[in-house]
Amino acid sequence: MGRTRRDTAVDLDVRSEARRGLAMYFSFIVAFEIVICTWAIARPQSAQVAIAVLMFTPAVSSIATRLIRREGFGDVSFRPGGRRSLPWYGLALVLPILVGAVAYGIGWATGLVGFVGTVGSLTAGIGLILITAVPLTCISAAGEEIGWRGYMLTRLIDAGVPRPVLASGLIWGAWHLPMVFAGFYVAGESLLLSAALLLVSITATSVVYARMRLETGSVWPVVLAHSAWNVIIQNPFDHAASGPGATLWVGEAGILTASVLVVVAVLVSRGQWADLRRPPRTDDRDTTSRPRPTVS
């Protein structure tokens, strides 16, 4: 059966509303970034506090936009999802360990990066972090993901933006860059190189996170993944890496890390994607018709 004029009108209305929502959301994001980065530059001793505050601005921006535009909160979605979501929760915890083991492992094996400690201490550190730190840092991770994947990603899809997953990653990556250029975040020997590599890493990661969000219909697997990444990579793996070339090869803006993340993104993006805005009440796939995101 062909599409009716009414169907076309509804699609145009959804697209128009999504674009208006994005315009307001990005206005809040940019305003917060300007204020907080100015604060960090003016008071460098408060830079880490500023970064912590900045992490909550995507959620605050999305909440403000939803309230002002009366969009509601049903599509975030805060339901954890059913059995179909369990593999994605597993991937959320395994991803930073896998990427860290491969990227840092190559650095250590080739001598590009020095190794501090023992394999046993690294393994114990990862286990301890998983038990203690990951649940706590889910709070700050939610501060980002309620905005990025809970609002921006789905609006980019509805707005008809070409390659919305790729666009979401580039926007998310660009949001980090002011703090990089200010020297407060993943700043290596070359700020320009650090910024470029971080943009690659974040864009690749966003493909994985977008699929988690759209396959499960829930924001929680992505919150868990974001939390696990932050504390596992930035703590046990980074602390086990040493040497003058460490920041060039590993870390969130390392060549090896970025390369491994690109490979993971390609693998995860394969096949047909779902586009769930909320977890289904059963384990049946949601068959509602929406444009599937294009990542290529």
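Please give the calculated 222 nm ellipticity per residue for the chain, where each DSSP H segment of at least 4 residues contributes -39500 (n - 2.57) and the sum is spread over every residue; nearest 500 deg cm²/dmol?
-22000 deg cm²/dmol
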On a 0 to 90° scale, report how tilted helix 86-110 is relative to the longest principal axis of the chain, with both axes built from alpha carbons and the result rounded to the nearest 10.
30
Please list, by residue number, everything in the stretch 127-168 whose backbone N is under 17 Å from a paramagnetic label point 7 Å out along Cα→Cβ of HIS239.
127-137
Per the 1/(1 + (r/R0)^6) rule, R0 = 22 Å and r from the Cβ atoms of SER27 and PHE73, FRET efficiency to 0.05 is 0.65
Quick one: helix 220-232 against the long Cα principal axis of the chain, what's the angle to the nearest 10°, folded into 0 to 90?
10
GLU17 to GLU189: FRET efficiency via 1/(1 + (r/R0)^6), r the Cβ-Cβ distance, R0 41 Å, to the nearest 0.05?
0.35
Taking VAL99, VAL161 and counting other beta carbon atoms within 10 angstrom, the fewest-first order is VAL161, VAL99
Using eta = 1.306 mPa s and T = 10 °C, Stokes-Einstein with Kirkwood Rh from Cα pairs puts D for the stretch 67-143, in µm² s⁻¹, at 101
If you keep only loop residues by DSSP, which trypsin sites (Lys or Arg not before Pro) in the stretch 5-99 have at most 15 other Cβ atoms within 10 Å of their Cβ?
ARG70
Pairing the Cα long axis of helix 191-216 with the longest principal axis of the chain, what angle in degrees results, from 0 to 90 and rounded to the nearest 10?
50
Per the Kirkwood formula over distinct C-alpha pairs, the hydrodynamic radius of the stretch 79-268 in angstrom is 16.8
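No lab work stands behind these numbers, since they all come straight from the coordinates. Note that this is a predicted model, so its numbers are computed, not measured. Here the Cβ is made from the backbone with ideal geometry for all residues, glycine too, and neighbour counts use every protein chain on show.
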